[in-house]
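> Take this structure, written in structure tokens, and hold onto it; I'll ask about it next.
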Amino acid sequence: VLAFCQSLLQVIFPPELRFACLKVSNRVFNLFSSYCYFDITEIDGVNTNELYNAVQLYLSSSVSTNGSRLSLTRALNSSAITFGLSNNDCIVDAFNGVSVVWEHVVTQRQAQTFSWRPLPEEKRGFTLRIRKRDKSLILDSYLDYVMEKANEIRRKNQDRLLYTNSRGGSLDSRGHPWESVPFKHPSTFDTLAMDPVKKREIMEDLKDFANGQSFYQKTGRAWKRGYLLYGPPGTGKSSMIAAMANYLSYDIYDLELTEVHNNSELRKLLMKTSSKSIIVIEDIDCSINLTNRKKNNNNNTSTRNYYDPEMRCGSVPGPGEDGGNSITLSGLLNFTDGLWSCCGSERIFVFTTNHIEKLDSALLRCGRMDMHIFMSYCSYPALMILMKNYLGYDESDLDADVLKQLAEVVDKAEMTPADISEVLIKNRRCNPKAVSELLEALKTRANRNLLQNGILREKNSEDIMEDEEQEKRALESPPNEGSEFEEPCKKQEEEDEEKMK
């Protein structure tokens, strides 16, 4: 009887009629419903849907507290575990006072026909439910916000990379001129031995840059910034670069100029760098010849041709020589501040040098090196940071007399943070010994500097006195009898006497 009833219903209501009724009922339901639905599938045709991955990553930031059943994943090159919604679970999110509902829908995929790319057995996607009156707000702003937050989370979770340009401009297996390794440098602004006021100024400048996209667009400037780190060796220039990268979660591109043959290769390297990165050129005064043109002009006033080797920033290989580069000053300036420097966004250029006076003034101006940071010898506040890093000592843990002696001698000693760190590392097993050894090393260096300065002053004063005495003797001494001017004068007198006769 049941089979007879089913067959009768199928005859009375054929599949076409049932499908039409279902379609009409859905339209009636949607017409009177106050909600609308959007499906975001994992695979769009044969390509992966980037929006699906972004939603999955975005929801991972809030499901750890709101979700009842979670899935845990860890992506490649990621340093953090990502939470996600389980199958067919829901979560409520809010944006500008508007509530939305996300549902993770997982269904079994039907048997697929032949395909060049096998699809997964499960069909995954997200369904977004919103009120119809909020449709314009969600589509215009909310999805862009989701993509932006997902990129931020991905950048924080992903391990940073340190890139270097391949030797001679060669390409790797993927056709890229950069080779990369994971960047694991532990330096941060908290551990950086520097004056806290200057450190805070640099951090605020970096933060303003990272959050300044709208400002740079409004002012018509390329979204980039240049920093020059200069000072004696061992003052922490490389540690500063690592701290900047860790603070902003940026990758680092360490550009070796001696491996770049010409300006064209330099532009190609710039084009292959990614946004949110720091491009570093260390020891710029040593890598290629970038001496100050004014100084060169003063030393040699003769007319020079542009193609002379001394007028080029790179040395031109002579006959029979292999290698060499022909990077010009103009090419480097265009690299940092020309049209080619605008092919990406949110990038920082960092230059380091031990001798700022050797650099050309065109490199030093704002727009190329916007902020000049002097990495000085270790000061008292920087010394306290090193004591905290290596010994775990605060100022309250040290004797007042010891603190007074350290404050009096540290500036006179002119020791770099690297030198002081070495003293603390060697004696880190015994903190009192480390403090006494450090104080003794500072006093020794201060006395040596005082002695050298005294000898230098005496030498300078002796040179000045000797020069004055030579000038005085030259003014007081009579003309030499056998000078080259004596004979012409005698001949002239004899000729005048003969004429008078």
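> Among the residues of region 355-365, are any free of Cβ contacts under 8 Å to residues at least 24 places away in the same chain, under 26 Å from Tyr250 (Cβ atoms) and assigned by the TED database to the domain that holds Asp195?
Scanning region 355-365 turns up at least one residue that is free of Cβ contacts under 8 Å to residues at least 24 places away in the same chain, under 26 Å from Tyr250 (Cβ atoms) and assigned by the TED database to the domain that holds Asp195.
> Let me ask another. Note down all Cβ pairs under 6 Å where the first residue falls in region 378-391 and is under 11 Å from Leu424 (Cα atoms), the second is outside any helix (DSSP H, G or I) and among the charged types (D, E, K, R), and they're at least six residues apart or on different chains.
Matching pairs, first to second residue: Tyr390/Arg428.
> In this structure, is Leu119 open to solvent by 30 Å² or more (accessible area, probe 1.4 Å), modelled with pLDDT under 85 and out of contact with any Leu (no Cβ under 8 Å at 6 or more places or on another chain)?
yes
> A further question follows. Inspect region 70-87 for any residue being open to solvent by 70 Å² or more (accessible area, probe 1.4 Å), over 29 Å from Gln158 (Cβ atoms) and either assigned by the TED database to the domain that holds Glu42 or modelled with pLDDT under 65 (or both) and give the result as yes or no.
no
For every residue, the table says whether it meets (1) outside the structural domain of His261 (by the TED database); (2) modelled with pLDDT under 80; (3) assigned to a loop (DSSP other than H, G, I, E, B); (4) open to solvent by 10 Å² or more (accessible area, probe 1.4 Å).
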{"position": "Ile278", "(1), (2), (3), (4)": "no, no, no, no"}
{"position": "Ser302", "(1), (2), (3), (4)": "yes, yes, yes, yes"}
{"position": "Glu310", "(1), (2), (3), (4)": "yes, yes, no, yes"}
{"position": "Pro317", "(1), (2), (3), (4)": "yes, yes, yes, yes"}
{"position": "Gly324", "(1), (2), (3), (4)": "yes, yes, yes, yes"}
{"position": "Phe351", "(1), (2), (3), (4)": "no, no, no, no"}
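> Quick one: is Glu103 of a type in the set (Asp, Glu) and at pLDDT 70 or above?
For Glu103, the condition - of a type in the set (Asp, Glu) and at pLDDT 70 or above - is met.
> Look at region 407-447 and say how many of its residues are under 28 Å from Asn354 (Cα atoms) and either open to solvent by 90 Å² or more (accessible area, probe 1.4 Å) or not in a helix (DSSP H, G or I) (or both).
10
> Here's a follow-up. Taking region 374-392, which residues are open to solvent by 20 Å² or more (accessible area, probe 1.4 Å) and either outside any helix (DSSP H, G or I) or in contact with a His (Cβ under 6 Å, 6 or more places away or on another chain) (or both)?
Phe374, Ser376, Tyr377, Ser379, Gly392, listed by residue number.
> Then there is this: Please work out which one of (1) in contact with a strand residue (DSSP E or B) (Cβ under 9 Å, 6 or more places away or on another chain); (2) more than 30 Å from Cys378 (Cβ to Cβ) is the condition Leu266 fails and give its number.
(1)
Conditions tested, residue by residue: (1) without any contact (Cβ under 8 Å) to a residue 12 or more places away in the chain; (2) open to solvent by 50 Å² or more (accessible area, probe 1.4 Å); (3) not in a helix (DSSP H, G or I).
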| residue | (1), (2), (3) |
| --- | --- |
| Ile202 | no, no, no |
| Asp208 | yes, yes, no |
| Tyr216 | yes, no, no |
| Gly226 | no, no, yes |
| Pro232 | no, no, yes |
| Met244 | no, no, no |
| Thr258 | no, yes, no |
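The values are calculated or read from the model by the stated rules, or taken from the named source; none is laboratory data. Fair warning: this is a prediction, and the values are worked out from it, not measured in the lab. Methodologically, a virtual Cβ is constructed for each residue, glycine included, from the backbone with ideal geometry; neighbour enumeration extends over all protein chains shown. Side chains are part of the model used for accessible areas, which takes the heavy atoms of the whole protein and leaves out ligands, DNA and RNA. Shrake-Rupley method; radii C 1.70, N 1.55, O 1.52, S 1.80 Å.
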